[in-house]
Amino acid sequence: MAGTTERDQKTEQPTAKKLTDSAREGDVLVSRELATALMMLAGAGWLIAAGGWLVQSAGELLKRGLTLDADDVAHFAPGEAVMRNGVEILLPLAALFGLALAASIAAPAMLGSLGWRGKALHFKGNRMNPLSGLKRIFGPQGVIELIKSLAKVLLLGTIGYFLVSDAMPRIMTLAQADLQGAIGLAGKAIGHSMLAMAGGLVVIALIDVPAQWYQRNRRLMMSKQEVKEEARESDGAPELKQAQRQRQHEILSGSARKAVSEATVVLTNPTHFSVALRYRPGMDAAPVVVARGRGDVALSIRELARGADVPILEYPQLARAIYFTARAGRVIPEELFVAVATVLAFVFQLERMVADGASQPSVEVPPTHRFDPDGRRQN
């Protein structure tokens with residue numbers, strides 16, 4: 001039971017396939033705080049830069065709306081009047097709306113979440129489960145959202161208080177100013193206030209985005225068993241196999257591929273390292289390393305060895321010892337002669353050994369040639 005529990009623990013980072021599948025289902029990195037901050041910044045910037053245009057257009061609309069002459073009464077056409085007077089005010093409002101729309105699109109684009117995902121709109125019964133809703137409200141996610149809301153109110157409230165306190169003397173003198181001057185001062189104060197509030201939202205967004213990334217990454221964590229099953233499924237896909245073969249041919253040069261096909265045996269780690277050895281009695285004075293690699297190169301060597309019917313044996317300690325102490329085209333170190341000779345003796349009689357049901361022999365690697373996967377010597 002303990003082994004099963006450990007196997008099912010979510011200890012592995014989500015794979016690229018897991019991230020892609022979750023995004024296709026609608027589970028993407030989203031930060032409402034970032035979208036709100038960008039829209040506020042866009043609105044505040046627009047008010048400071050073009051607020052006078054909006055105020056002037058509104059003033060002209062109000063002036064024409066309150067002005068009537070005999071022709072307006074004789075030829076009463078409310079639709080024409082609305083179109084004639086409304087276009088001027090619609091232009092600045094449309095510019096503000098377009099800027100806000102661009103800011104709302106920029107937020108998911110910055111997080112790499114921009115795109116249409118039809119599966120996210122499909123009906124899912126678990127979303128209507130009251131217990132799930134209560135869990136979201138009173139669970140860890142609900143607590144986090146409550147803390148965020150309180151922090152937002154506290155920060156923006158503090159900014160608002162200092163803004164009002166700073167502007168109070170100017171507000172008290174607005175009654176003594178002329179109308180145009182008062183409108184200009186009020187517009188400038190509103191623009192600066194929105195910019196300051198937007199700055200506060202940016203601070204919140206800078207905290208919220210890493211928090212949202214952490215929560216999503218933790219939510220998508222995988223167990224070791226899930227990683228293995230996904231790798232098994234991926235290895236079985238024909239299109240992925242074809243892509244893997246193409247990559248293997250690109251990784252290894254033509255001479256390396258030929259050398260692997262002529263190898264006597266390939267030793268593996270089994271997943272991180274591969275070492276191809278050649279020994280031809282009467283021609284080679286000692287076993288020669290014809291190819292070695294780790295990661296994708298190791299996988300390529302193994303795949304090519306399978307295609308050439310070269311025996312592949314798992315000797316983790318010996319494979320690492322050869323990888324870290326010998327180069328391709330060179331003989332193996334003398335300290336490893338006995339271990340490699342034991343393996344080669346088994347390979348040369350492989351068919352008879354398999355027929356007799358014999359297992360591959362164990363070998364002893366000298367302590368001076370024992371390495372961990374990172375190349376550090378093991379004591």
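The values are calculated or read from the model by the stated rules, or taken from the named source; none is laboratory data. What you see is a predicted model, and the numbers here were worked out from it, not measured in a lab. Counting neighbours? That spans all protein chains shown, and the Cβs are built from the backbone with ideal geometry, glycine included.
What the table below lists for this structure:
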item: Answer from 306, 302 - the residue that is touching a Ser or Thr at 6+ places or on another chain (Cβ under 7 Å) and either of a type in the set (A, V, I, L, M) or not in a loop (DSSP other than H, G, I, E, B) (or both); result: 302
item: Flag if residue 68 is in the same structural domain as residue 205 (by TED's automatic domain parsing) and either at pLDDT 75 or above or assigned to a helix (DSSP H, G or I) (or both); result: no
item: Top-ranked residue in region 265-290 [being of a type in the set (Val, Ile, Thr) and in contact with a helix residue (DSSP H, G or I) (Cβ under 8 Å, 6 or more places away or on another chain); ranked as nearest to residue 231 (Cα to Cα)]; result: 271
item: Looking only at region 302-318, and only at residues there that are buried (at least 21 other Cβ atoms within 10 Å of the Cβ) and of a type in the set (A, V, I, L, M, F, W, C), the one that is modelled with the highest pLDDT; result: 318
item: Pairs with Cβ under 9 Å, 6+ apart, first in region 252-267 and assigned by TED's automatic domain parsing to the domain that holds residue 286 and closer than 13 Å to residue 302 by Cα, second acidic (Asp, Glu) and at pLDDT 85 or above; result: 267/314
item: Residue that is farthest from residue 313 (Cα to Cα), among those in region 344-371 that are among the charged types (D, E, K, R) and part of a helix (DSSP H, G or I); result: 352
item: Matching entry among 341, 321 (being part of a helix (DSSP H, G or I), over 43 Å from the mean Cα position of the chain (by Cα), assigned by TED's automatic domain parsing to the domain that holds residue 266 and modelled with pLDDT of 85 or more); result: 341
item: Pairs, first acidic (Asp, Glu) in region 360-376, second part of a helix (DSSP H, G or I), C-beta under 7 Å, six or more apart; result: 364/339
item: Flag if residue 304 is among the aliphatic types (A, V, I, L, M) and in contact (Cβ under 8 Å) with a residue 40 or more places away in the chain; result: yes
item: Identity of the residue in region 327-345, without any contact (Cβ under 8 Å) to a residue 40 or more places away in the chain and buried (at least 18 other Cβ atoms within 10 Å of the Cβ), that ends up farthest from residue 292 (Cα to Cα); result: 339
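Condition check ((1) exposed (fewer than 11 other Cβ atoms within 10 Å of the Cβ); (2) under 30 Å from residue 111 (Cβ atoms); (3) more than 35 Å from the chain's Cα centre (by Cα); (4) at pLDDT 80 or above) across all residues:
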| residue | (1), (2), (3), (4) |
| --- | --- |
| 168 | yes, no, yes, no |
| 207 | no, yes, no, yes |
| 218 | yes, yes, no, yes |
| 239 | yes, yes, no, no |
